[in-house]
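The values are calculated or read from the model by the stated rules, or taken from the named source; none is laboratory data. Remember, predicted model here, so these are calculated numbers, not experimental data. No Cβ is skipped: glycine too gets one built from the backbone with ideal geometry, and neighbour counts run over all protein chains shown. Side chains included, ligands, DNA and RNA excluded: accessible areas come from the protein's heavy atoms. Shrake-Rupley method; radii C 1.70, N 1.55, O 1.52, S 1.80 Å.
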Amino acid sequence: MGKNLTKRSEDYSKWYNELVVKADLAENSAVRGCMVIKPYGYAIWEKMQAELDRMFKETGHQNAYFPLFVPKSLFEAEEKNAEGFAKECAVVTHYRLKNDPDKPGKLMVDPEAKLEEELVVRPTSEAIIWNTYKNWVQSYRDLPIKINQWANVVRWEMRTRLFLRTAEFLWQEGHTAHATKEEALQETELMNNIYAQFAEEFMAMPVVKGSKTENERFAGALETYCIEAMMQDGKALQAGTSHFLGQNFAKAFDVKFATKEGGLEHVWATSWGVSTRLMGALIMTHSDDNGLVLPPNLAPIQVVIVPIYRSEEQLEQISEVANELVKELRAVGVSVKFDDNDNQKPGWKFAQYELQGVPVRLAIGPKDLEKGTVELARRDTLTKEFVNRAEVVEKVKALMTEIQQSLFNKAKTYRDSHITEVETFDEFKKVLKEKAGFISAHWDGTPETENKIKELTKATIRCIPFERKEEAGSCVLTGNPSVGRVLFAKAY
């Protein structure tokens, strides 16, 4: 099972790909670049979805659904957005197939069924949503509009990797409309903070909050805020983004509102989203050479109980204790599975649940019945101990919090030890080659310097941290004046 995984130190990329498949999270499909998310992987995504959805609704957002297809004329209305996504678009040109007269039993595109206007399969939904908002907004009384949709999108990727980069992926996208610039900026910041809170409290993944440079902004945005995380191989991963769109989309789609004072103004907009890429982040932040390591807050199964027996009589006695434990654990909000399936031996089950990252495993055998104990194994530390039956529920309940915090602390220690300040470009290249991680360096603020560093090292500016110290310095590449450090890294 887990022992068959390639070690992270040998080939991190291969380890990741093997783990996603062997832990039964996802697999490649018959459609090039698209994935099948399997039940166990989807169960993790559902927990992510449920928590985020709750957080969105608590901040006044509502869910809706918009079409998958966007007419090309609408898509190209906001020019920067259209240009930014043009090379990734899948386009529908016909609406019907017919039997191929030259190839019996085969189909062909019906040339008579050409669409009057091509339809873009949504890579993002700003265009179709803002065309809709035009009909929803007349007065300041109609604002703000705070809508989120859970959907799939298509971005035609050539080099794909399960969860991290696929041609089709699942996500949520929020789209809001406001009467003032200040309100829209507050919304942009609020949603970035919600993403950071979710990442740290549920994924146990520390993040850096910051803004993107002009080069790295979302196409059509005036500002992009982000959360950046550090994976175990020293590469960064953009885990969520929130965009201040200004009035760009409102002007492109002529979305105006009558103000309280009787004037007519364009609304102010935001959009924000996270995707199934978070699954990749979760895997790479915590997992080890034995398999997945899941934080309890997102684990579909928080506790598994495995019986060890030689006779049906022993199984009955163990099952009695196990079923009581199941009821007691569920009563305190712990998700638990009693695996009494007799198709596999206990050793196989131990390896399987370790591979799938179940936070706590309880094993009960005949000797445990005699002693009134249960063997408890932690997935994060791989430690085992015997616990008195009467103390199991309280122990497990406390462990849920302890393991969650322990995983966060471990990831944060790793992240913090991989933020390196450099003064020269030679230091920059040395750290990138020998240590990786975030490189904190002065930058002169120009896109030209940013592009040159990317060209020379493949490292990009991940963000301008909100908490950075404003300090005069010299750009790491050009020596020109700088007002503060930014974080560079190689990234997924």
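Among the conditions (1) under 24 Å from Leu5 (Cβ atoms); (2) open to solvent by less than 40 Å² (accessible area, probe 1.4 Å), the only one that Leu399 does not satisfy is (1). Are any of the residues in the stretch 349-362 open to solvent by less than 80 Å² (accessible area, probe 1.4 Å) and over 31 Å from the mean Cα position of the chain (by Cα)? Checking the stretch 349-362: not a single residue is open to solvent by less than 80 Å² (accessible area, probe 1.4 Å) and over 31 Å from the mean Cα position of the chain (by Cα).
Of all residues in the stretch 154-174, exactly one satisfies the criterion of being of a type in the set (Lys, Arg), part of a loop (DSSP other than H, G, I, E, B) and in contact (Cβ under 8 Å) with a residue 60 or more places away in the chain, namely Arg155. Put simply, of Glu51, Glu58, Glu46, Glu76 the only residue that is among the charged types (D, E, K, R), under 19 Å from Arg155 (Cβ atoms) and out of contact with any Lys or Arg (no Cβ under 9 Å at 6 or more places or on another chain) is Glu76. Selection of the stretch 163-193 for residues being surrounded by fewer than 22 Cβ atoms within 10 Å (Cβ to Cβ), closer than 30 Å to Thr259 by Cα and of a type in the set (A, V, I, L, M, F, W, C) yields Ala179, Leu185, Leu190.
Selection of the stretch 50-69 for residues being over 30 Å from Glu118 (Cα atoms), open to solvent by 30 Å² or more (accessible area, probe 1.4 Å) and not charged (D, E, K, R) yields Ala50, Thr59, Gly60, Gln62.
I need the full set of residues from the stretch 262-306 which are among the small types (Gly, Ala, Ser), more than 16 Å from Phe408 (Cα to Cα) and in contact with a Leu (Cβ under 7 Å, 6 or more places away or on another chain), in order please. Steps first, please.
Applying the first criterion (among the small types (Gly, Ala, Ser)) to the stretch 262-306 yields 262-263, 269, 271, 273, 275, 280-281, 287, 291, 299.
Now narrow it down to the ones that are more than 16 Å from Phe408 (Cα to Cα): 262-263, 269, 271, 273, 275, 280, 291.
Within the stretch 262-306, Ala269, Ser271, Ser275, Gly280, Gly291 qualify.
Picking from Ala151, Ala204, which residue would you name as being of a type outside the set (S, T, N, Q) and part of a strand (DSSP E or B)? Quick ask: steps written out before the conclusion?
Values: Ala204 fails: part of a strand (DSSP E or B).
Answer to the selection: Ala151.
Residues in the stretch 463-488 that are open to solvent by 20 Å² or more (accessible area, probe 1.4 Å) and under 30 Å from Leu190 (Cα atoms): Ile464, Pro465, Phe466, Glu467, Arg468, Lys469, Glu470, Glu471, Ala472, Val483, Arg485.
One residue stands out in the stretch 123-160 among those that are modelled with pLDDT of 95 or more and closer than 24 Å to Val21 by Cβ: the one that is surrounded by the fewest Cβ atoms within 10 Å (Cβ to Cβ), namely Asn152. The condition (being over 21 Å from the mean Cα position of the chain (by Cα) and either more than 23 Å from Gln172 (Cβ to Cβ) or surrounded by 15 or more Cβ atoms within 10 Å (Cβ to Cβ) (or both)) is satisfied by just one residue among Lys14, Lys72, Lys47, Lys22: Lys72.
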